[in-house]
Amino acid sequence: MALLDGKTALVTGAAVGLGNAFARALANERASVVVCDVRPDVAQLVAELQAGGTKVVGFEADVSVPADVRRVVDGALSAFGRIDVLVNNAGTWLASAPTDPFDKSLNDFEKGFGTNLKGVFMFGRAVIPQMIRQGGGDIVNIVTDHIHTCGAPVVLSHDDAPGCPWAGQPPRPTGGGVAMDVYDASKWGINGFTIAWAKALREHHVRVNALCMGATDSHMLRSFHQFNPPAEQVAMWMKPTDTARLLVDLLREGPDGRSGENIGLAMGHPVVLPPRQPEPQFASAH
């Protein structure tokens, strides 16, 4: 029997790139699949999965809009009666800097935090009660290697990573470029949800982890290069299908697997699950 036979997986931002690869990988594991995206071409993914025999429903929806989040989750439960896997993949990148004009900065904040952080928060809040009723589930948040590079917080070995641009150099510092303050802040914020949810939901058998993505051949990264990236850079980028395979491996760990981890995936390193880290410890109150 396939890993997700009889289960339902919900993937946000699934029309293109990583989300598209995640949805296809979960479908290959026999999950019923729910997908959403602001792009209307999410319907093309639905048609292709249906043609392959997958039970799937899709929604054109904005993860920053509460009514859209509720519509997607209610639609998923109406169609399949359960949600076993939530992949909070939807994200946006925009150029922003502390020297930007005030009005532009406010617009950037609303867009960046609305999609990257508020969307994760709302889908979590909408799905978690159902996972608790079911007796368990998996939440996987998609973040960035800007919070978890090959040098921090867990140093990755360069023994099998000769293609890493930082091999033989001091550990790469965290953080993105000088025009990424809104993007980085919104993605760093997801760590708060990942860790706190892992702690709070452990007793309910709901695992919560994050994949901290390095440079991956995706719509977002290509947009950073005006959809004309240098071929030598593309050759170094990780492939969405490899990350999707790692997602399945993470789910395969089952209810006793890791929770509360930021799993770093760095360019030039093998796309494999690293050794399990000790679960985070928490003070009782602050």
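Below is a table of values for the structure above.
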item: Sole exception among (1) assigned to a helix (DSSP H, G or I); (2) under 15 Å from residue 142 (Cα atoms); (3) modelled with pLDDT of 85 or more for residue 209, by number; result: (1)
item: Conditions (1) modelled with pLDDT under 95; (2) assigned to a loop (DSSP other than H, G, I, E, B); (3) buried (at least 23 other Cβ atoms within 10 Å of the Cβ): number failed by residue 1; result: (3)
item: Filter result (part of a loop (DSSP other than H, G, I, E, B) and charged (D, E, K, R)) within region 244-275; result: 253, 256, 258, 261
item: Verdict on residue 71 being surrounded by fewer than 18 Cβ atoms within 10 Å (Cβ to Cβ), touching a Phe, Trp or Tyr at 6+ places or on another chain (Cβ under 8 Å) and either under 23 Å from residue 259 (Cβ atoms) or without any contact (Cβ under 8 Å) to a residue 40 or more places away in the chain (or both); result: yes
item: Residue satisfying condition, being outside any helix (DSSP H, G or I) and either touching a helix residue (DSSP H, G or I) at 6+ places or on another chain (Cβ under 6 Å) or among the β-branched types (Val, Ile, Thr) (or both), within set 6, 58; result: 58
item: Candidate set from region 103-142 (those that are aromatic (Phe, Trp, Tyr) and within 16 Å of the chain's Cα centre (by Cα)); member that is farthest from residue 88 (Cα to Cα); result: 113
item: Flag if residue 76 is in contact (Cβ under 8 Å) with a residue 24 or more places away in the chain, assigned to a helix (DSSP H, G or I), of a type outside the set (Lys, Arg) and touching a strand residue (DSSP E or B) at 6+ places or on another chain (Cβ under 6 Å); result: yes
item: Count of region 186-214 residues which are touching a residue at least 12 places away in the same chain (Cβ under 8 Å), of a type in the set (A, V, I, L, M) and surrounded by fewer than 20 Cβ atoms within 10 Å (Cβ to Cβ); result: 1
item: Residue in region 213-224 that is assigned to a helix (DSSP H, G or I), at pLDDT 95 or above and either under 23 Å from residue 97 (Cβ atoms) or not hydrophobic (A, V, I, L, M, F, W, C) (or both) present; result: no
item: Search result, residues across region 79-110 that are in a helix (DSSP H, G or I) and farther than 17 Å from residue 14 by Cβ; result: 102, 103, 104, 105, 106, 107, 108, 109, 110
item: Test set (1) under 16 Å from the mean Cα position of the chain (by Cα); (2) on the phi > 0 side of the Ramachandran plot - residue 85 fails condition number; result: (2)
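Residues checked against (1) closer than 20 Å to residue 187 by Cα; (2) surrounded by 24 or more Cβ atoms within 10 Å (Cβ to Cβ); (3) within 14 Å of the chain's Cα centre (by Cα); (4) not β-branched (Val, Ile, Thr):
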residue: 11; (1), (2), (3), (4): yes, yes, yes, no
residue: 18; (1), (2), (3), (4): yes, yes, yes, yes
residue: 38; (1), (2), (3), (4): yes, no, no, no
residue: 47; (1), (2), (3), (4): no, no, no, yes
residue: 52; (1), (2), (3), (4): no, no, no, yes
residue: 57; (1), (2), (3), (4): no, no, no, no
residue: 60; (1), (2), (3), (4): no, no, no, yes
residue: 90; (1), (2), (3), (4): yes, yes, yes, yes
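The values are calculated or read from the model by the stated rules, or taken from the named source; none is laboratory data. Keep in mind it's a predicted model, so treat the numbers as computed, not measured. Positions of Cβ are generated from backbone atoms using ideal geometry, with glycine treated the same way; all protein chains shown enter the neighbour counts.
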